[in-house]
Structure formats: structure tokens, C-alpha cells
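Taking it in order: structure first as C-alpha cells, then the write-up.
A short reminder: the numbers here are calculations on the coordinates, not readings from a lab. Keep in mind the model is a prediction, meaning the values are calculated, not measured. Here the Cβ is made from the backbone with ideal geometry for all residues, glycine too, and neighbour counts use every protein chain on show.
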Amino acid sequence: MSILKLQKATLIGLTEHKAQLLDQLQTLGVLHIIPLSSKKMRESHTPQEADVSPEYLSTLLAYLLSCSHKRRQVLSERHFKLDTILAEVSENRNRRLALLERRDFLKKRIKDLRPWGSFILPEHGELYEHKLWFYLVPNYKMRELSDVPLPWSAVYRDNRHTYVAVVSPKEPPANLMPVQRTHTGSVPMDVLERDLEDVEILLETLEAEREALTRWIYLLQRSVAGIADQDSLKSVADQTMDRQEIFAVQGWVAERDAKLLEGFAMEQGMVLQLLQPETNELPPTYLDNPNSVAGGEEVVHFFQMPGYRGWDPSRVVFFSFVTFFALIMSDAGYSLLLGGILAFYWKRMGTTQSLRRLRVMGVALTLAGVVWGVLVGSYFGAPPPSWLAPAKVMDLNDFDSMMMLSISIGAGHLILGNLMMAWVRRKERTRWGPLGWAIAIASILWGWLSGFTVIHWLGAGLGLVMVFLFTTETSGWGLKRLLSGLLALTNVTKLFGDVLSYLRLFALGLASASLAVTFNQLAVDVAVALPGIGLLLKVLILLTGHLLNFVLTVISGVIHGLRLNLIEFYNWSLADEGYAFQPFAKREVLPWIT
């Protein structure tokens, strides 16, 4: 198991050194805090007392991070003044937003005015208090203007619209004209175009200033982390138990880090007590996996954290998700394309621990997809070349074999889940219930593959009897235990449906391969039917078709690969849900170079 064992740690120190001790404890970063006080947070915990609001700082930082080109990062704080930098970024952002709004308005006004050309409206009084109102009338509605009592004139006409100018002292009623009027404004189009050019120049200038400001991203990130650390420190200070001259802070610590905490207590002159968790206590779950399979841990964190006394499904989720994704992809060419995309974003995915873990998972997905694609002999829907033909050992069009493979994988997956559930309950009588499900699944699968005999039926019956007898902790043979057993047996239909759900591996893999073959054949047919331009159409069909199929296949692989792990498998392998171990630690910000 990769769920670390925890101990309850209680630290006692002098109140006069409380702030300093908690700051050092935060630097150590090994303790998951247990609140000892339920008092409300002090007002100083709110960001109003801080010089800079965390939300404000995060907004400006996100503005700089979204810049397409970034400068080399400044690592020294010699020239860094937070207030000055934030003021410059805020001014740049506000001016840019205003100019973007102005640019959109000018583009819309120029678009509306372009059919009318550039003109200057008469000055006030030149038309004897009358004004010009402009309408873009569809040609088929022009007959409706015959009933308009106001003077009007068609100044231009094209194949779709007639450009009508109406003379009136005030805007004609909306129900008088067949269409809404066109807002041309009083500024000539050539002036609007000059304004638009000026706005574009200013936007380029602001973008250059914004790019120059990106050199402060690292130091701004450190400022964000510092404010968050202070916020966390104040929160923990409110959760300690204070008794005049002394205070106590309590939390969970991993057994492997207990020595570090003991050394910290001796160095700081604090009293430390370490206790094992009580049976009725529910410590947090501290997952620890090697980097090679830690991508599965990210998936587990995302969906459901197992309980402290459960088991860590991270490794099983990692390998099963990679397997399911490869079966759904079922094409070596698409897998290599996925690997190319991963290589393109390789450096960018190394900025955080989570991205590095997912990057390793991406490598595993690529390798598994290539291997399975070679085994089924599919390369962008084309058959393998002669030198790779011997490597093809499976045929996606062999429905019986592929269905048998999918069902076997599903049954094996659920057998593993039930065995792990039985191991978690190894000290309870209910361990025989999931073990019975595993025996029943294995017996029925064996019988289906090799032909049912008495042994298979006896095995399935034995498994179901175990489920009936050992689903509940209730002792004796009372009505409650019998009803619980009967209720548990109703899960047979659910189990049957969950196993059949793994047929989606075969169905989606076949659909992906069939679409690839279809696009290839369609491209060839078009090239033959249309000499000359058919070659161009062939290339377009191949590019568009395979790109669409690749996107759909990747989406299907992610969604259904996760679904089989997090729904079907979790239902039979995890009973309790826990909460993650969150160490009281300072946030780390690593510099990066562009």
C-alpha cells in the first residue's frame, strides 16, 4: 500500500514565541493541522489589513501570464517594488481594456457605415431642423416603402439591399419603416478609420509594455505565495489551544517524518507527544507513489480519495487507464501523433509536479497505444507495411475474439477490485463477501471461456453463498441478516451490467479503426473520380477526417477510460471515502526561464 501511516502529534510551546514557532513549523511543512480551538477567525485574518488584496494580485498576475511572449525572469528583488509594479500592470490592463472596447466599437461602426461611404452630415439648421435617417432595406421589402409618408430616397442598390435615406425632424417610428435604422453616427468614415489606426498603434504600444512587465512574473508569484502563507499562518494561529503562558498545536504527521518533527521540537525547545490513531479516529489520507505511476494518484485526487484504512488504487488506476486508452485508440499512427503533441508541450508540462506526473502518464499512453496499434496492425487506418505485418496478432474485425478480450479484461478488473476490498476488510467477517463475488466472477468467466461444467456452477454457487452469508456484520441467523444477504444478491444484475460495460473498449476501438479506414477509402475514391483537383480534395479529406477521428478517439479514451476506473471499478473496490493530507507548509515558487 502507498497510504502512509500517520501519528497524532501534539506540540506545546511558550505563548510569547508562538508566532515564531508556528512560522518555523510552517517552514518544516510536515504537519496536517487538527483544530484545537473553534473560535472565530480574527479580523486580521481578512485581506483588508494586508497591503495588497490576494484577489487583486492574482488578477494582475493572470493578466501577465496570459501574455503570449514573456521576458526573462528577474530573480533578484533589488529593483522590485510591489506597489509600483502592480500600479503599472493595473494601469496597462485598464488602458488596454478600454482601448479594446473602443476598437470593437470603431470596427462595428465602420462596418455599418462602409456601404454608405464616407460623407459629412449637414450642419444643424441646414435642412430646416430636419435630419437624415439611414436604412438598409432588403430588396424584397422595398414595396413597403410606398406607404411611408416621409420623403425618402434610394441612394444605392445592390443585389440584396437598397440603401435608403429618410428626411425627418425626428427618428421615424419603428413600426413605420420595414427595418430598424442603421446607426451611422456623425463622424465620417475616413475619420473613424484614422481613429481605428491610432487605437491599433496604442494597443501595440501597450502590448509591448505588458511584455516588458512579464519579467516580474516570478517575483509576483512569490508575493502571491507569501500572502497565502501569511493567511494560512494566521488561520493556524486561531486553531491552537492557548493557556496563558503556553499554547498547544496538534496535527497528523507521517511516521517517516516523525524524526524530523522530533528534531524540530528539540531545537525549538517544545514538548512533543506522538500517539497512534485511535480506532474511532479518521486521519487524513497521505498518498505516496513513485513518480513513474504518480499520474494515477492525480486521477484519484480528482475523483475520490480513499479512506485512511483503505487501500491506494493509484497504481491500478494508472495501468488500467493506460490499457483502456490504448484499446480505445487502437491505432499506432494516432498514438505516435499523441506522442508528438506530448513532445511539443514537454517543457511546458514540467513546470509543476502535477503536470510532470501527467506527462509521465502521457508517455505511458503513447507507448501502450503504439504497442497495441502494432499488434492490431492499424496505422492511420492503413494496413501495416510488409516488415511490420508479422507483428499483427489481433484483428479488430474478429468480433468474437475482441468481445472475449474485452469481457475478460472487465471481469479481471472487477475481480481485482473485490480482492482488494476483501484485503481491506481482512480483520472483519465481511471480508468473505467481496471474496465471494471474486470467486463467482472467476467461475463464470472460466466457464464462459472453456464451456460450463459442474465445477464452474459449483464455484459460482459457492461465491454467491458467501455473498449471502457474509455481507453484513450482523451475527446469528435472524431476519435482518437474511434480508441483508438477499439484498446483496440483487447486485448480481449490477455486476453483470458492469462487466458488459467493458465492451465499450471493443466498440470504441472498432469505431475508431472503421472511421480511419472509411476516410482513407473516401479520399482514394475522390482522387480517382476527379483527376487533378481530386488530389487536393484527397489531401483535405485525409487531414480533416483523421484530425476529427483523432480528437474523437482521444476524448473517448479519456472519458471512458476514466469512467471504467472511477465508476465500475470503484464501486467494487472502495467502501470508504477519505480526505487528503494537507500539510501546513509554505508554498514553493520555482523560477522559470523563457
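Where nothing but the Cβ of Lys and Arg (+1) and of Asp and Glu (-1) is charged, how large is the charge dipole of the stretch 320-465 around its Cα centre, in debye to the nearest 20?
Charge dipole, the stretch 320-465, about its Cα centre: 960 debye, nearest 20.
Where a Cα-Cα gap under 12 Å defines reach, which aspartates and glutamates qualify for K131, not counting those fewer than 8 residues away within the same chain?
Within reach: E123, E171.
For the stretch 358-488, just say rounded, prolate or oblate: build the C-alpha gyration tensor, square-root its eigenvalues into a ≥ b ≥ c, call rounded for a/c under 1.5, and beyond that prolate if a/b exceeds b/c, oblate if not.
Since a/c reaches 1.5 and a/b is larger than b/c, the shape of the stretch 358-488 is classed as prolate.
Could you give the size of the charge dipole of the chain about its Cα centre, using +1 on the Cβ of each K and R and -1 on the Cβ of each D and E, expressed in debye and rounded to the nearest 20?
1020
Based only on other Cβ atoms within 10 Å, what is the fewest-to-most ordering of H560, H161, H301, H69?
Ranked by crowding around the Cβ, least crowded first: H69, H301, H161, H560.
Taking the dipole about the Cα centre of the stretch 275-393, with the C-beta of Lys and Arg at +1 and of Asp and Glu at -1, give me whichever of T323, W346, A389 is farthest to the positive side.
Value: A389.
Hey, of (i) 89, 61, 50; (ii) 69, 60, 52; (iii) 104, 82, 58, which did the structure itself give for Cα extents along the principal axes in Å when calculated?
Computed from the coordinates, Cα extents along the principal axes in Å corresponds to (iii).
Considering only Cα-Cα distances, which of the following residue pairs are longer than 25 Å: K8/K427; K70/K347; K70/K111; K259/K586; K141/K170?
Result: K70/K111 exceed 25 Å.
Straight-line reach from K18: which aspartates and glutamates fall under 13 Å, measuring Cα to Cα and dropping same-chain residues less than 8 apart?
D238, D242, E245
Compute the projected area of the convex hull of the Cα atoms of the stretch 122-184, averaged over all viewing directions, and report it in nm² to one decimal place.
Reported value for the Cα convex hull: 4.4 nm².
Please check which bits of the stretch 86-104 a label hung off L202 would reach, taking the label as a point 7 Å along Cα-to-C-beta and the cut-off as backbone N under 16 Å.
From the stretch 86-104, the list is 91-104.
Find out how many positive minus negative residues lie around K392, taking Lys and Arg as positive, Asp and Glu as negative, among other residues whose Cβ is under 13 Å from that of K392.
Charge balance near K392 sits at -3.
Projecting each Cα onto the charge dipole of the chain (Lys/Arg +1, Asp/Glu -1 at the beta carbon, about the Cα centre), which of L176, H413, V249 comes out farthest on the positive side?
Farthest along the dipole direction, towards plus: H413.
Helix-only estimate, please: 222 nm mean residue ellipticity of the chain, summing -39500 (n - 2.57) across DSSP H runs of length 4 or more and dividing by its residues, to the nearest 500.
Using -39500 (n - 2.57) per qualifying helix, the result is -18000 deg cm²/dmol.
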